[in-house]
There are 2 protein chains.
Amino acid sequence: MIIQTIPDFVRTLNALSGILDKGAASAQARKIDPLVLTQSRLAPDMFALARQVQIACDVAKNGFARLSGVDAPKFEDTETTFEELKARIAKTIDFLHSIKPEQVHGAQDKVVSFPAGPERTLKMKGDAYLTQWMLPNLYFHTVTAYNILRHNGVDVGKLDYLKGADLLP
Amino acid sequence: MIIQTIPDFVRTLNALSGILDKGAASAQARKIDPLVLTQSRLAPDMFALARQVQIACDVAKNGFARLSGVDAPKFEDTETTFEELKARIAKTIDFLHSIKPEQVHGAQDKVVSFPAGPERTLKMKGDAYLTQWMLPNLYFHTVTAYNILRHNGVDVGKLDYLKGADLLP
């Protein structure tokens with residue numbers, strides 16, 4: 001059950017990577033410094049685009065590390081360009097693909113502890129952590145990244161976000 | 001499997017209702033016409049807050065109608081106030097609660113047809129439709145509603161969005 005959700009994370013991270021491609025192309029076409037876009041935010045007290053992408057990756061990578069007991073790769077949080085952010089997504093997807101079914105076998109019943117902000121540790125059962133915390137957080141940061149770019153005039157649409165959905169002919 | 005995801009939709013719609021409460025309270029405290037907030041949008045070619053909430057409801061209601069074969073209640077899409085939007089959410093949750101396990105039994109294997117925009121009909125297998133279309137769309141419109149309010153200075157935080165997650169003591 002846990003292992004079956006890895007494709008949802010991979011599909012969404014790939015969609016996010018494609019959304020970043022559109023951001024980079026838009027910056028080039030409009031002669032905007034791409035860093036203006038990666039540093040944009042929707043409110044002064046919200047994270048900028050680059051941080052949204054970093055966190056989307058961390059939700060997936062740290063979440064599956066907790067569920068599987070496998071150490072996640074460490075990232076230095078230094079990405080600023082679209083290329084660097086896309087590379088982080090690619091490394092995250094590589095990690096997700098490395099998780100084997102037996103490593104998350106039974107993880108739905110284990111108790112997972114995780115930080116929520118700098119001072120708080122929360123606990124959830126594995127299956128609830130996956131569906132009520134990891135997935136909503138993945139979508140939160142992906143959609144917020146999308147919204148930041150859309151707010152800045154990048155021509156992204158909802159099908160970019162849903163890309164990879166398994167449509168029948 | 002399908003029936004087990006209804007609580008994810010209910011929890012997220014309840015969280016959205018709480019986010020709208022904060023929007024209404026902020027409008028009152030700041031002496032802003034609440035309709036200014038419900039008509040706000042992040043980009044000229046994106047839907048305003050009220051429409052985002054309507055669609056979040058429709059994703060849930062029409063999605064489970066297609067999966068179950070039960071007719072969904074019809075809404076007139078006339079909501080403009082926070083109270084009206086919250087009532088639509090409440091009616092949607094009532095419909096979700098009315099779905100019985102036997103009505104979606106086997107729905108993971110059935111082929112679901114659904115409109116994507118005014119001119120296109122897509123098809124997916126039930127389980128893919130649920131996890132790759134309905135859930136990402138529910139989160140998309142909920143997060144966009146959140147982002148519209150946050151962009152307009154409403155004091156919402158991610159825990160408002162994740163509210164109802166089943167934390168252990």
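The values are calculated or read from the model by the stated rules, or taken from the named source; none is laboratory data. All values derive from a computational prediction rather than experimental measurement. A quick note on method: Cβ atoms are made from the backbone with ideal geometry, for glycine too, and the neighbour counts reach across all protein chains shown. Note: areas computed on protein heavy atoms with side chains; ligands, DNA, RNA excluded. Shrake-Rupley method; radii C 1.70, N 1.55, O 1.52, S 1.80 Å.
Could you compute Rg(Cα) / (2.2 N^0.38 Å) for region A:1-88, with N its residue count? Display every interim value, and only then the final one.
Numbers: Rg = 14.5 Å, N = 88, 2.2 N^0.38 = 12.1 Å.
This ratio for region A:1-88 stands at 1.20.
Given axes a ≥ b ≥ c from the Cα gyration tensor, I'd like to know whether region B:2-44 is rounded (a/c under 1.5), prolate (a/b larger than b/c) or oblate.
On the way: a/c = 5.26, a/b = 2.10, b/c = 2.51.
Taking the square roots of the gyration eigenvalues as a ≥ b ≥ c, region B:2-44 is oblate.
Helix-derived [θ] at 222 nm for the protein assembly as shown: sum -39500 (n - 2.57) over DSSP H runs of at least 4, divide by residue count, nearest 500?
Estimated from H runs of four or more residues: -16500 deg cm²/dmol.
Within region A:1-42, list the residues whose amide N lies under 17 Å from a label point set 7 Å along Cα→Cβ of A:Glu102.
A:1, A:3
Counting only other chains, what is the mean number of Cβ atoms within 10 angstrom of the Cβ of each residue in peptide A:124-136?
Mean partner-chain Cβ count within 10 Å for A:124-136: 4.
Compute the Cα gyration tensor for region A:78-125, then decide on rounded, prolate or oblate, letting a ≥ b ≥ c be the square roots of its eigenvalues: rounded whenever a/c is under 1.5, prolate when a/b is larger than b/c in the other cases, and oblate in all that remain.
Note, shape of region A:78-125 comes out oblate.
If you take every residue apart from B:Ser98 with its C-beta less than 12 Å away from the C-beta of B:Ser98, what net charge results, scoring Lys and Arg +1 and Asp and Glu -1?
Combined, the nearby Lys, Arg, Asp and Glu give +1.
Could you work out the mean count of beta carbons from other protein chains within 10 Å of each residue's beta carbon in B:58-71?
0
Would you mind checking which residues have amide H under 5 Å from A:Leu122's amide H? H placed 1.01 Å from N; only 5 or more apart, or other chain.
Here the answer is A:Phe114, A:Ala116, since their amide H atoms fall under 5 Å of that of A:Leu122.
At 1.002 mPa s and 20 °C, plugging the Kirkwood radius over alpha-carbon pairs of region A:44-169 into Stokes-Einstein gives what diffusion coefficient in µm²/s? Write down the numbers at each step before the final one.
Details: Rh = 16.0 Å.
The Stokes-Einstein estimate is 134 µm²/s.
In degrees from 0 to 90, rounded to the nearest 10, what is the angle of the helix B:6-29 Cα long axis to the longest principal axis of chain B?
Its long axis makes an angle of about 10 degrees.
Send over the semi-axes of the protein assembly as shown's equivalent ellipsoid, whole angstrom and largest first, taken as the square roots of 5 times the C-alpha gyration tensor eigenvalues. Walk me through the intermediate numbers first.
Working: eigenvalues 151, 140, 86 Å².
Semi-axis lengths for the protein assembly as shown are 28, 26, 21 Å.
Using a label point 7 angstrom from Cα along Cα-to-C-beta, what distances in nm, from shortest up, separate B:Arg120 from the other copies?
4.0
Got a number for the accessible area of A:Met1? Probe 1.4 Å, square angstrom, nearest 10.
110
If you put a point 7 Å past Cα along the Cβ direction, how far is that point for A:Gly157 from the same point in each other copy, in nm, smallest first?
Copy-to-copy label distances at A:Gly157, shortest first: 3.9 nm.
Highest mean first, how do B:59-72, A:67-80 rank when packing is the count of other Cβ atoms within 10 Å averaged over residues?
Most protected by this proxy first, the peptides run B:59-72, A:67-80.
In peptide A:140-152, what is the residue-averaged number of other protein chain Cβ atoms found within 10 Å of each Cβ?
Other-chain Cβ atoms within 10 Å of each residue's Cβ, averaged: 5.
Pop out the ³J(HN,Hα) list for region A:122-129 in order, Karplus 6.51 cos²θ - 1.76 cosθ + 1.60 with θ = phi - 60°, rounded to Hz; leave Gly and Pro as x.
10, 10, 9, 6, x, 5, 5, 4
Please give me the summed charge of the neighbours of B:Phe140: other residues whose Cβ is under 15 Å from its Cβ, Lys and Arg +1, Asp and Glu -1.
For residues surrounding B:Phe140, the net value is +2.
Relative to the longest principal Cα axis of chain A, at what angle does helix A:49-68 sit, 0 to 90 degrees, rounded to 10?
Roughly 10 degrees, rounded to the nearest 10.
Which distances, in nm and shortest first, link the A:Glu84 label point to the same label point in every other copy, taking 7 Å along Cα→Cβ?
4.8
Less than 9 Å Cβ to Cβ from A:Val53, Lys/Arg counted +1 and Asp/Glu -1: what total charge do the surrounding residues give? Each step should come with its number before you reach the end.
Details: positive: A:Arg51, A:Lys86, A:Arg88; negative: A:Glu79.
So the environment of A:Val53 carries a net charge of +2.
Could you let me know the centre-to-centre spacing of region B:89-144 and region A:53-110, using Cα atoms, in angstrom?
Result: 28 Å between the Cα centres.
With the Cα gyration tensor of region A:124-169 giving a ≥ b ≥ c as the square roots of its eigenvalues, does the rule (a/c under 1.5 for rounded; else a/b larger than b/c for prolate; else oblate) give rounded, prolate or oblate?
The shape class here is oblate.
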